[in-house]
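A quick write-up on the structure given underneath.
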Amino acid sequence: MKFFVKPSSMKSGVRLNWNRFKSKLLMTYTLSYILIFLVPLSSVTFIIYSNATANLRSEIEQSNVNQLNQVRLSIDNQITNLLETASNISFDEHLTKFMVSHPYYSRDAIASLARYKTNNTILAELFLYYHGDDHIYSDLGMTDLDHVFDHIFHFEHWQPEEIKQALNETAFGTVRPAEIVTVNSRGESMLAMLVPIKTNDPYPYGTVLYLIKEAQMTGVMDSILNDFSGSSYIFSSTGKVLTANYRGDAVRGHDLTSLAALDPGIHSMKMGGEYYSVVTVKSQVNGWTYATAISSYQFFEQVGQIRTIILLVFVFTALTGIVVAILLATRQYHPIRDLLEFASLQNGVKETPENRNEWDWIKQTIHDYHARIDMQEPFVRNQCLMLLFKHGKPDDPEIERMIVQSGLKLPEQARCFTIILSLDEQSRDEQSWEDQQALRAWLHQLDLPELQARINSVELSVTHQMALMVTLLPSEEDDEANRVRLVVDELDERLAERLPKRPNLGVGTIYEDLAGLNHSFLEAASALEQRMRTVSGRIAYFEELTELSASAISGESYWIPKKWLLKLEQSLKQGNEATALQLIANMMQKIKRETLPFGLLRCQCFDVLNSLLRTAAELGLDELRGDISSLHAFDTLEGLENKLSSLAMRICHAATNQIETVQPALMDEIVTYVEQNYADYTLSLEHIALKYDTSTSYLSRRFKEKIGYNFTEYIWQRRLKEVVRQLIHTSALLKDIIERVGYLDAPNFIRKFKKETGFTPGQYRKLHSTGGPFLGEE
């Protein structure tokens with residue numbers, strides 16, 4: 001089987017894609033989405049990077065402070081140990097001047113010095129000198145002072161004469177900055193520390209000289225500062241550099257003086273044209289200042305990895321966001337293009353004119369649909385009004401929204417009541433169908449501005465009556481009963497002008513909100529039904545019925561109000577089970593509250609029971625006669641209430657069935673309605689039951705008896721049949737066909753279609769279409 005694509009369709013499809021590509025609206029959507037995405041992303045990335053850098057810098061600097069404090073503690077401990085060693089030497093009996101110079105005991109002195117040197121790991125050499133002596137002592141023995149510093153230990157800047165003077169005159173501990181010391185022809189940087197003995201004695205008699213390798217000091221710093229990439233320094237209390245570990249762009253020369261003068265803490269300063277992050281701590285033991293300095297660019301090299309990661313994440317996110325923005329823009333534009341195609345199809349135009357903006361087409365489409373919705377608005381309002389009359393205001397936000405949109409919501413401080421209008425059979429026969437339609441249209445929404453009132457009506461199709469909701473708007477008139485009579489009289493006069501014979505009117509009591517409208521409806525129905533028994537005339541007020549019954553019982557308040565019994569009977573006849581049960585509960589609660597003799601109490605109970613039995617008899621429920629003896633036998637009020645509630649439910653079910661079977665042609669009318677509206681996606685069993693004032697269970701049962709399918713199956717088969725017809729005989733897109741028959745979930749429909757036929761809609765079209773496949777199909 002050969003398939004051919006129509007050239008015109010291909011040309012149209014290509015032009016459609018090109019038009020979409022060059023659409024300014026699509027480009028605007030794309031750029032908007034990209035900007036909406038990139039601007040916050042860039043701001044957030046900048047903030048994240050700044051915060052991450054600042055936090056990392058703070059963490060590194062704080063870490064440097066902690067590590068530098070550890071360096072200080074470690075070196076302070078070792079310097080303290082050296083001071084303690086000097087103190088111990090001053091009190092060591094083996095190291096007196098006599099002992100160290102004695103030919104025999106000098107061996108013990110040398111051993112003691114060796115022990116002290118061994119206990120201090122940072123020492124390169126330890127010397128003991130006594131003022132005025134020409135010899136100096138170490139762990140190697142006694143040596144001539146001049147020979148030691150002229151030939152063995154040669155300082156780069158510290159001359160032998162200066163050394164000898166310092167050994168004789170030092171009155172307090174002193175540390176010389178590191179310098180090169182040549183030992184046996186090998187140079188090494190060392191610090192010299194002189195400690196007088198006895199320590200803290202104003203008249204010392206000797207000096208301990210420690211030689212400390214600078215590498216030992218910097219080693220301590222390196223081991224604690226770990227991989228710190230900047231330079232580190234130790235300054236004496238006078239600001240001289242004792243030792244330094246230079247790395248990278250080290251701070252040198254005059255700038256070192258400014259470092260020594262800094263207070264302990266974290267500093268940012270400019271030195272040598274570069275910005276540095278400087279951390280300083282100060283020793284309380286010897287007054288030394290420990291400092292680290294790292295240039296800003298060296299610091300940011302440490303955060304370079306984070307910067308790279310953030311940049312990569314930003315680039316990846318930006319590229320992903322741009323792709324998503326394009327997809328979202330295309331997706332956003334897609335329904336607009338669909339609306340354009342739909343508008344073109346409805347107007348018989350294949351392409352949108354180039355000089356017309358897309359929004360103009362959308363605006364026109366919305367305008368057309370709005371007109372269609374306006375046509376459906378009366379139906380929605382009627383359903384809402386019927387719901388209020390039958391069941392009151394439900395606790396359903398969706399239905400409440402519909403009530404508001406239908407204009408039925410009461411304004412502030414407004415009141416409402418119900419009027420039921422009934423024409424006798426002769427009057428109905430005298431009216432033509434056009435006259436009846438004109439009356440319905442007139443009463444659909446009638447304003448009485450001079451009385452500050454508004455009337456909305458709906459036809460009760462089963463009883464050939466009309467229920468009117470009257471809204472009394474806020475007014476200066478305080479007498480509401482008088483306002484009700486004025487409205488009823490005005491309505492009666494206007495009806496007399498339109499009808500050959502005045503109608504009968506039943507008027508319910510007034511309520512403050514829509515929740516009481518169903519009670520007013522029952523009261524109006526009761527008044528209309530009882531008008532010939534209690535009052536004369538065509539207009540019956542429910543309040544007048546209750547006033548007459550109240551006067552008949554000589555003012556006693558313990559009897560159940562007549563209006564309660566009338567409303568109970570009417571709710572039973574209407575099949576309104578919820579209201580009937582509520583009324584029974586209220587009556588039994590009143591009986592329980594009264595303190596009455598037993599006989600009078602039973603009379604009140606029988607009053608309620610007789611109302612139910614009388615209503616059952618009027619509805620022709622003869623089978624209840626056999627239950628009368630059991631109903632009269634009760635031991636407790638709770639037991640009686642249960643029996644009354646059960647009986648009320650039976651009566652309501654029977655009344656509902658009678659209402660549903662009043663019109664033999666009802667199912668024919670319903671089937672016709674379904675056939676005409678099967679493509680409405682809002683069509684449902686509940687929707688139809690509410691429209692025709694019947695129950696869903698009865699409608700479901702009778703519908704299947706009438707058609708042979710249940711309601712859901714019939715709707716599916718009817719829609720499936722129409723889809724098949726359009727697939728074979730039209731070139732419309734599948735999604736358009738599915739929407740036309742009332743389906744909003746296209747994927748679900750396609751699955752059900754394949755399950756039903758064995759093919760997807762596209763495959764089915766190819767197999768059965770006479771024109772071959774169509775462009776745009778799946």
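The values are calculated or read from the model by the stated rules, or taken from the named source; none is laboratory data. Bear in mind the structure is a predicted one, so any value in this text is a computation, not a measurement. Every residue, glycine among them, receives a Cβ derived from its backbone with ideal geometry; neighbour counts consider all protein chains shown. We work out accessible area using only protein heavy atoms, side chains counted, and drop any ligands, DNA or RNA first. Shrake-Rupley method; radii C 1.70, N 1.55, O 1.52, S 1.80 Å.
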Point to revise | Carbon + sulfur, % of accessible area of the stretch 653-762 - ligands and nucleic acids excluded, 1.4 Å | key: 52 percent
Check your understanding: Under a no-solvent Debye model with one identical scatterer per Cα of the stretch 102-181, what's log10 I(q)/I(0) at q = 0.11, 0.23 Å⁻¹?
Key -> -0.31, -1.33
**Study point:** Protection-proxy order for peptides 705-711, 474-480, each taking the mean of Cβ atoms within 10 Å per residue, highest first
**Key:** 705-711, 474-480
Review point. How far apart, in nm, are two points set 7 Å out from the Cα along the Cα-to-Cβ line at Val285 and at Val380?
Key: 8.8 nm
Review point. What is the diffusion coefficient of the stretch 387-497 in µm²/s, taking the Kirkwood radius over Cα pairs and the Stokes-Einstein relation at 10 °C with a viscosity of 1.306 mPa s?
Key: 103 µm²/s
Revision key, fill the gap. Here the convex hull volume per residue of the stretch 90-149, taken over Cα atoms and given in Å³, is 86 Å³
**Study point:** Relative counts (whole %) of C-alpha pair distances in the stretch 157-283, using bins that are 5 Å wide
**Key:** 2, 9, 16, 19, 18, 14, 11, 7, 4, 1, 0
Check your understanding: How much length, in nm to one decimal, is gained on full extension between Ala496 and Gln62, taken as 0.36 nm per residue of separation minus their Cα-Cα distance?
Key -> 146.6 nm
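Set the bar at 26 Å for Cα to Cα. Now go through Lys164/Lys198; Lys704/Lys755; Lys501/Lys567; Lys721/Lys755 and name every pair that lies beyond it. Provide the component values of the computation, followed by the final result.
Values: Lys164/Lys198 18 Å; Lys704/Lys755 23 Å; Lys501/Lys567 29 Å; Lys721/Lys755 15 Å.
From Lys164/Lys198; Lys704/Lys755; Lys501/Lys567; Lys721/Lys755, over 26 Å: Lys501/Lys567.
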Check your understanding: Just how far, in whole angstrom, is the stretch 473-496 from the stretch 696-721 if you go by their alpha carbon centroids?
Key -> 47 Å
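Taking the radius of gyration and the Kirkwood hydrodynamic radius from Cα positions alone, what is the Rg/Rh ratio for the stretch 22-120, to two decimal places? Display every interim value, and only then the final one.
On the way: Rg = 35.1 Å, Rh = 20.1 Å.
Ratio of gyration radius to Kirkwood radius for the stretch 22-120: 1.74.
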Point to revise | Rg in Å to one decimal, and Dmax rounded to a whole Å, for the stretch 156-213 via C-alpha atoms | key: 12.2, 38
Practice item. Can you pull a Stokes-Einstein diffusion coefficient for the stretch 202-250 at 25 °C (0.890 mPa s), Rh from Kirkwood over Cα pairs, as a whole number of µm²/s? Key: 190 µm²/s
Exercise for review: Quote the FRET efficiency, to the nearest 0.05, computed for Glu480 versus Asn55 with a Förster distance R0 of 51 Å and r equal to the Cβ-Cβ distance.
Suggested key: 0.10
Exercise for review: Set the Förster radius R0 to 35 Å, insert the Cβ-Cβ distance between Thr595 and Glu400 as r into 1/(1 + (r/R0)^6), and round the FRET efficiency to 0.05.
Suggested key: 0.25
Check your understanding: Under a plain spin-label model, where a point goes 7 Å from the Cα along Cα-to-Cβ, how far apart in nm are Arg602 and Ser87?
Key -> 11.5 nm
Practice item. Over the stretch 61-143, with every protein chain in place, what whole percent of the accessible area is carbon and sulfur at 1.4 Å, could you tell me? Key: 50 percent
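Return one whole number: the accessible area per residue of the stretch 80-166 in Å², for a 1.4 Å probe.
Numbers: 4560 Å² over 87 residues.
I get 52 Å² per residue for the stretch 80-166.
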Check your understanding: Here are some pairs, Lys409/Lys592; Lys213/Lys282; Lys363/Lys766; which of them have Cα atoms lying more than 30 Å apart in this structure?
Key -> Lys409/Lys592; Lys363/Lys766
